[in-house]
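For reference, the structure is listed below as C-alpha cells.
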Amino acid sequence: MKKIFTLLLISTLSFGQNIAKTDTGSIDGAAYKILFPENWKGKLVMYAHGYEFMGTQPRQSKNAQWPQQMTPFLERGFAVAASDYQYQGLALARGVDDTEILRQYFIQTYGNPDSTIIAGHSMGGGITLATLENFGQFYVGGLPMCPLAGRIYLQTRKEFDLIATFNVLFPGYMPSLKEILRFDPNAAPADMRAAFGKAMSIQKALFEKDSLALVAFAKRFDLKPSDVPFALAFGENVLRDVVQKSGGNPYDNTNTIYGRFEDNLSMNQQIERIAATASQAAVFSKYDRTGEIDKPALVLHTIYDQLIPADFAIVPYENLIQANGNQEYYSVQYTDGQGHCNFTPEQTGKAFDDLRRWIKTGQKAAAGFVK
C-alpha cells in the first residue's frame, strides 16, 4: 500500500534547507504557502502542484515535507510560492489562475522579484506551460516536470480508453464506462485508500489468472504489468472527477476504431460505446495548449511514467511548438527514473541550473539525458 501511495508524490528529499520565513494564508478560498530561504537573493519560483484526489490533504500548505521537496530551488536562493488552488482534482485552469493571483500577492507584499521562474510537477507541469503561454510576460522561464503537456482532453481520454479496452479483455474487475461516467450531483469524492486497495486486489487476481495477457495489455499502454491496476484506479477517479466538474460526460468513442491489439476486430465489436452528454468546453477549453511561448521552457521527464508516458506528453506539445516556430524556446531532458515524477534532487537541481544558465546567457539548454 505504501508503495502505491508514493507514486502520486514527488520524491521526498533526503536533505533540507533552513527556512528564514514562512508566509501562509488563503486568497479567495485557495490556501497558499511561501517559503523564504536564509540566503534569499530576491528571486522567486512560483510552484504549481499536480493532481490531488478530491478531499485529500493538500500537499503544500498541509504537508510538513513540502519544504524539503522544494530544496533544489531554496538552496539556490529562490523563494518558493505555491497555491493549493480553490479546488482539487482536475484543476489545470484553476491552477493557472490561482498561481497568478498568488504571484500578484507576492509582489504587493514583498515587492517585484529580480526574476521569476514557474515550475511544477505533473498537472502542475501543464500549469507551468499554460502559464508561460498566457502570462509569460511575468516570467523569465519555466521548468515543467513530467508535465501534462498535451491537450487536456486527450490526456484524460487516455484514461477512458485504458478502462474501455481493459474491460473487454478482463471483464468483471472494473466498473463499466456507463457507471463511471454517470453524472450524480450528490456523488461523494472518491476514497483514495479504497481506490488503491481495490487496485491491489485487482493486481493479485490478474497475475493469478492470466499474467501473459496482462503483459501484452500493459505493453499496449506503455505500462509495467504491475502498474496496470494502479493506472486503472487513478484513471477511474479522474474520469469521475471530470464528469462531476463537467455536469455530464464529455467523452465519446462511438466513432473510435481501436487498434494494436491481438484481435482488433473482436475488440471493436465488444467494446462499450459511449456518447458524450456534455461539452468539452466546460473543463478542457480554458488554457488549453497552444504552443505559443516566448520564454525558455526546459521540460524534465522520466524515461518511464505510468501516468503520463513521455511520448504521449512530449510529442503533441512539440508539434505545437514546431507549428508556431518556437523551437528556440523549448528543450526536453530525460532521466532514467522509473515512475511518475521520480526525479532525484540532483536531477531536478541540474535541470534547474541548465534553465537558469539558458535564461542568463541566451544559449539554449541542451536536450537529452540527465544522469
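The values are calculated or read from the model by the stated rules, or taken from the named source; none is laboratory data. Predicted model only: the values in this text are computed from it and were never measured. All Cβ positions, even for glycine, are placed from backbone atoms using ideal geometry, and neighbour counts span all protein chains on display.
Quick notes
- If you go through the range 231-254 and keep only what is of a type in the set (Asp, Glu) and under 16 Å from Ser122 (Cβ atoms), you end up with just Asp241.
- The range 348-360 residues that are touching a residue at least 60 places away in the same chain (Cβ under 8 Å), paired with ones that are crowded, with 16+ Cβ neighbours inside 10 Å and assigned to a helix (DSSP H, G or I) (beta carbon under 8 Å, 6 or more apart): Thr348/Pro72; Gly349/Pro72; Phe352/Pro72; Phe352/Phe73
- Some residue of the range 294-308 being among the small types (Gly, Ala, Ser) and more than 30 Å from Gln333 (Cα to Cα): no
- Neighbours by Cβ (under 6 Å, 6+ apart or cross-chain): first from the range 249-276, outside the structural domain of Ala164 (by TED's automatic domain parsing); second surrounded by 13 or more Cβ atoms within 10 Å (Cβ to Cβ) and of a type in the set (Val, Ile, Thr): none
- The helices (runs of 4 or more DSSP H) found wholly in the range 55-169 and carrying at least 2 residues that are among the aromatic types (Phe, Trp, Tyr) and more than 30 Å from Ser266 (Cβ to Cβ) occupy 92-110.
- In this structure, Lys178 does not qualify as surrounded by fewer than 19 Cβ atoms within 10 Å (Cβ to Cβ), in contact (Cβ under 8 Å) with a residue 24 or more places away in the chain and either in contact with a helix residue (DSSP H, G or I) (Cβ under 7 Å, 6 or more places away or on another chain) or outside the structural domain of Ile271 (by TED's automatic domain parsing) (or both).
- Looking at Leu355, Leu307, just one residue is aliphatic (A, V, I, L, M), crowded, with 22+ Cβ neighbours inside 10 Å and touching a Pro at 6+ places or on another chain (Cβ under 9 Å), and that residue is Leu355.
- Of all residues assigned to the range 196-214, none qualifies as being assigned by TED's automatic domain parsing to the domain that holds Ala276, closer than 24 Å to Gly248 by Cα and surrounded by 13 or more Cβ atoms within 10 Å (Cβ to Cβ).
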